[in-house]
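Undergrad: Encoded as structure tokens, here's the structure I'll be asking about.
Each reported figure results from applying straightforward, stated rules to the coordinates on display, with no laboratory input. This structure is a prediction, so every number in the text was calculated from the model and none was measured. Cβ sites come from the backbone with ideal geometry, for glycine too, and all protein chains shown count toward neighbours.
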Amino acid sequence: MSAPTAAPGTAAALPELLDRMIAGRQLTATDARAYLSRHPGPDALTEERVLRWLAQEYGIGFTKLDEIEPDKQVLSLFPARLLLRDELLPLRRVDQQVEIATSRLFATQGLDGLKALTGLRLQPVLAPSDVIQREMKKRLGVGADTIDTLDEETALTVVDEGGGAGSNNLDDAAEDASIIRFVNQVLKDAIDLRASDIHLEPFEDELRIRYRIDGVLQEVPVPAQIKRFQPAIVARVKILSHLNIAEKRLPQDGRIKVRIETTEVDIRVSIIPMLHGEAVVMRLLRQNTSLKGARELGMGARELACLERVLQLPHGIVLVTGPTGSGKTSTLYTALHEINDSERKIVTIEDPVEYQLKGVNQIQVSEKSGLTFARGLRSILRHDPDVILIGEIRDQETAQIAVQASLTGHLVFSTLHTNDAAGALTRLVDMGVEPYLVASSLEAVLAQRLIRLLCPHCKAVDDSPTARTYKARIGIPAAAVIYKAVGCRECRHTGFHGRRAIFEWMDSSNEIRQLILKNASTDAIRESARRAGMTTLAEDGRRLVAEGVTTIEEVLSVTTVHDREESPAPVVT
């Protein structure tokens, strides 16, 4: 059956969803009123339910694409540009016809155009628009319509990656509307998917694009012919980053600032020459992300009480430790947000400034101009601050100035790269800070990691023998329900959606201060902290496993060996 050809018309006093569907030629005003009369109430006003009703009314199929795998050979018969323009997704051949998924029942010009172009008999099948868009991106690749356009423009196919073509040609190619649109599509797609990084990686026969989502790299489907336009794509990124487009032999660093609707994103760009071209990594920093309160960090009761206590201290050093990308800066910003008032002067020195905090004086480190952490810190102390945030303690000079600042009446927050809380104390001593200065200035150390949270749409109860053994070994009650990752369309088949921190808080007790003065080992300091009540990263992770928000494997993947070995006696229930 061919799609109906009724005109959409307009409808007065219809709900917003139906008005929007009429404007998008998904149904007519008459159908909208008929649907509303038969399905009163807000629960019935979803696109999927309206489309199911339309499919039944007009005798055509409906699918959510869960049970249908689009045929790649059928998909290749149609130009990607036209499919994306009209949101049409070819599915499969059935009885000498090709089924095509669409959400626009009354927008027949797209189907008519494909019929005329291919000579095939086409049968529309209704599907929700978001499902079609997601599957098209997965099957055709990001920017497939742009690559189709580029294939038709022979002027862009002669760009020489090895430098044979002049920089003017490459500059022209990078400014082509299709290349601009492709790069914009990649950036927007990454932001929509909550990616923290975009990787453009050149290989001999492909340009691979990957996004880091929830800490894990995921490959993005792209058209196979994109490799031909690699130099123009990299050149476009260079232009946006204000970098030298002609320099291809040396690494370059730059930044881009973009706005999508109300979201501002600061993008840090790093370009490094590789064997088969220049590789690009872009880190996405969302500027206007609302800061959480301390209670929303997800800390346990003990850790939260310790944090609230140190925020009221008049002086001392508080360190947050963990690897790159473990959320240290976000935790420190949350702490500053809690104490940011008119009575305190807060000054930060960072590289880079990741979030802009209202009412906080923030300094951007600039190695080129000579503004280092150490030099900036000396100047900060002449600005009469109450609280100082140092983005990272990287060397002996910065560490010593931070210690001196804390001893002269300032509350100092900073980060350090160590595996756990106890390791921060010995790291400061290794940097050259005298043990007695560390003992007298350091108030607390917070170690943290980010673990992925289970997708609420597909997580399943884990009652495997391994799970039961794990619960018995570490003391989770046998009656507690724990879950495992499954994977669905909502989470891109990873089984996880979002991340949350696990914490390890160590206060500087008198016993620990004595151990620092004796140059004791990290193990000895850790044992003392555990006797004082410190919960390790692994133990905090087990709390989240027992709450059903993450998996056993996820906790094990981010904790160290000694964390896993240290566990309480099993609880018999």
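Undergrad: Based on alpha-carbon centroids, what's the gap between segment 492-524 and segment 352-409 in Å, whole number please?
TA: 24
Undergrad: Let me ask something else. Quickly work out the ALA23-to-ARG468 label distance, labels modelled 7 Å from Cα along the C-beta direction, and quote it in nm with one decimal.
TA: Here the answer is 5.7 nm between the modelled labels.
Undergrad: Please turn the phi angles of segment 275-283 into ³J(HN,Hα) values with the Karplus equation 6.51 cos²θ - 1.76 cosθ + 1.60 (θ = phi - 60°), one per residue in order, whole Hz, x for glycine and proline.
TA: Listing the rounded values in order: 4, 10, x, 8, 8, 10, 10, 10, 9 Hz.
Undergrad: Which residues' amide hydrogens lie under 5 Å from the amide hydrogen of PHE203, considering only partners 5 or more residues apart or on another chain, with H built in the peptide plane?
TA: Under 5 Å from the amide H of PHE203: ARG208.
Undergrad: Still on this structure, I have one more. What percent do you get for the relative contact order of segment 290-444 when only Cα pairs under 8 Å and 6+ apart count?
TA: On the way: 229 pairs, mean separation 48.0, N = 155.
In percent, rounded to a whole number, it is 31.
Undergrad: Enter the Cα centre distance for the pair segment 256-322 and segment 26-63, rounded to the nearest angstrom.
TA: 44
Undergrad: Moving on. Around PRO40, with a cut-off of 14 angstrom between Cβ atoms, what is the net charge of the other residues, counting Lys and Arg +1 and Asp and Glu -1?
TA: Local net charge: +2.
Undergrad: Output ³J(HN,Hα) for segment 252-269: one whole-Hz value per residue in order, computed from phi by the Karplus curve 6.51 cos²θ - 1.76 cosθ + 1.60 with θ = phi - 60°, and x for Gly and Pro.
TA: Once rounded to whole Hz, the list reads 9, 10, x, 8, 10, 10, 10, 10, 10, 6, 9, 9, 9, 10, 9, 10, 8, 10.
Undergrad: Expressed as a fraction of 2.2 N^0.38 Å, the rule-of-thumb size for a compact globular protein of N residues, what is the C-alpha radius of gyration of segment 7-147?
TA: Scaled against compact globular proteins, the figure is 1.07.
Undergrad: Taking only DSSP H segments of four or more residues, each worth -39500 (n - 2.57), what value at 222 nm results for the chain once the sum is divided by all its residues, to the nearest 500 deg cm²/dmol?
TA: Result for the chain, helices only: -11000 deg cm²/dmol.
Undergrad: Considering the chain, which cysteines have no disulfide-compatible partner, defined as another cysteine with its Cβ under 4.7 Å away?
TA: That list is CYS306.
Undergrad: Considering only the other residues whose Cβ falls under 14 Å of the Cβ of GLU511, what net charge follows from Lys and Arg at +1 and Asp and Glu at -1? Could the numbers behind the result be given before it?
TA: Working: positive: ARG513, LYS518, ARG526, ARG530, ARG531; negative: ASP507, GLU527.
Once all neighbours under 14 Å are counted, the net charge is +3.
Undergrad: Compute the FRET efficiency between GLU247 and ARG344 as 1/(1 + (r/R0)^6), taking r as their Cβ-Cβ distance and R0 = 56 Å, and round to the nearest 0.05. If you can, show how the numbers build up before the last one.
TA: Working: r = 45 Å, r/R0 = 0.81.
Efficiency at R0 = 56 Å is approximately 0.80.
Undergrad: Starting from the alpha-carbon convex hull of segment 329-484, give the projected area averaged over all orientations, in nm².
TA: 13.6
Undergrad: At most 13 other Cβ atoms within 10 Å and a DSSP loop assignment: could you name the trypsin sites (Lys or Arg not before Pro) in segment 450-544 that fit?
TA: When the trypsin sites (Lys or Arg not before Pro) of segment 450-544 are filtered for loop state and at most 13 Cβ neighbours within 10 Å, LYS518 remain.
Undergrad: May I ask which of LYS257/LYS368; LYS137/LYS328; LYS64/LYS257; LYS227/LYS328; LYS248/LYS328 have a Cα-Cα span longer than 29 Å here?
TA: The answer is LYS137/LYS328; LYS64/LYS257; LYS227/LYS328; LYS248/LYS328.
Undergrad: Sorted from largest to smallest, which semi-axis lengths in Å does the alpha carbon gyration tensor of segment 56-101 give for its equivalent ellipsoid, taking the root of 5 times each eigenvalue?
TA: Values: eigenvalues 68, 35, 23 Å².
Whole-Å semi-axes of the equivalent ellipsoid: 18, 13, 11.
Undergrad: For segment 215-298, state the average projected area of the convex hull of the C-alpha atoms over all orientations, rounded to one decimal in nm².
TA: One quarter of the hull surface, i.e. the mean projection, equals 8.0 nm².
Undergrad: Counting residues in segment 337-409 as N, plug N into 2.2 N^0.38 Å and put the Cα Rg over that result.
TA: Taking the Cα Rg and dividing by 2.2 N^0.38 Å, one obtains 1.06.
Undergrad: In segment 306-393, what GluC sites (Glu not before Pro) fall in a loop by DSSP, with at most 15 other Cβ atoms inside 10 Å?
TA: GLU343, GLU367
Undergrad: Then there is this: Indicate, rounded to the nearest 5 percent, the antiparallel portion of the DSSP beta bridges found entirely in the chain.
TA: Rounded to the nearest five, the antiparallel share is 65 percent.
Undergrad: Go through segment 15-30 residue by residue and turn each phi into a ³J(HN,Hα) via Karplus (6.51, -1.76, 1.60, θ = phi - 60°); whole Hz please, and just put x for glycine and proline.
TA: Listing the rounded values in order: x, 4, 4, 5, 4, 5, 5, 5, 4, x, 6, 8, 7, 9, 4, 4 Hz.
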